[in-house]
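Right, one structure below, let's go through it.
The values are calculated or read from the model by the stated rules, or taken from the named source; none is laboratory data. Only a predicted model underlies this, so the values are computations on that prediction, with no experimental measurement involved. Note: ideal-geometry Cβ built from the backbone for every residue, glycine included; neighbour counts use all protein chains shown. Heads up: the accessible areas ignore ligands, DNA and RNA and are worked out on the full protein's heavy atoms, side chains in. Shrake-Rupley method; radii C 1.70, N 1.55, O 1.52, S 1.80 Å.
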Amino acid sequence: SEMANEIVADLQRLEPLREVQVVVAAGLKANADRGLLRILLTNLIGNAWKYTGQRSSPAIEVGCETSRERQAYFVRDNGVGFDMAYADKLFGVFQRLHSNEEFEGTGIGLATVKRIVSRHGGEVWAAARPGEGAVFYFTLGA
């Protein structure tokens, strides 16, 4: 929770005029490499921040729930979302579902997230609908 709030504060400092409703669940803890976890959360929260940029009332939520019979952390937003038919491309290097003209990016953020999650023995997956936002889940192994 503390790390997620720090990342959100950094984004707010970069765009002080942007109003985004952000809810970070209290008391979230993880057993993971701190530096890698920061990179993972920076990518996921940063994407949620970026892809809610065209919303009049952008909202981001960071939390944890039981999914696939394990504790799964998540970052949810009400941004542009994507068509799940292309979900298999999400975590590949340089695979983008939106053009660079629409949203800046290099196409390595989610691939990096996948590598970090895999290194911790976990899984990462997403759910979304075009125009309705996205949620990215991840586990960190035992």
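Tabulated results
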| read-out | value |
| --- | --- |
| Residues of the chain: accessible area per residue with a 1.4 Å probe, Å² | 58 |
| Separation of the ARG13 and ALA59 label points, Cα + 7 Å toward Cβ, nm | 2.8 |
| Net lengthening on full extension, THR66/GLU6 (0.36 nm per residue, minus Cα-Cα) | 19.1 nm |
| Excluding exposed DSSP-loop trypsin sites (Lys or Arg not before Pro) (at most 10 other C-beta within 10 Å), longest clean stretch of the chain | 69-142 |
| Of all accessible heavy-atom area on the chain, the percent that carbon and sulfur account for (1.4 Å) | 49 |
| Longest site-free stretch - the chain; sites: GluC sites (Glu not before Pro), DSSP loop, at most 14 other Cβ within 10 Å | 20-68 |
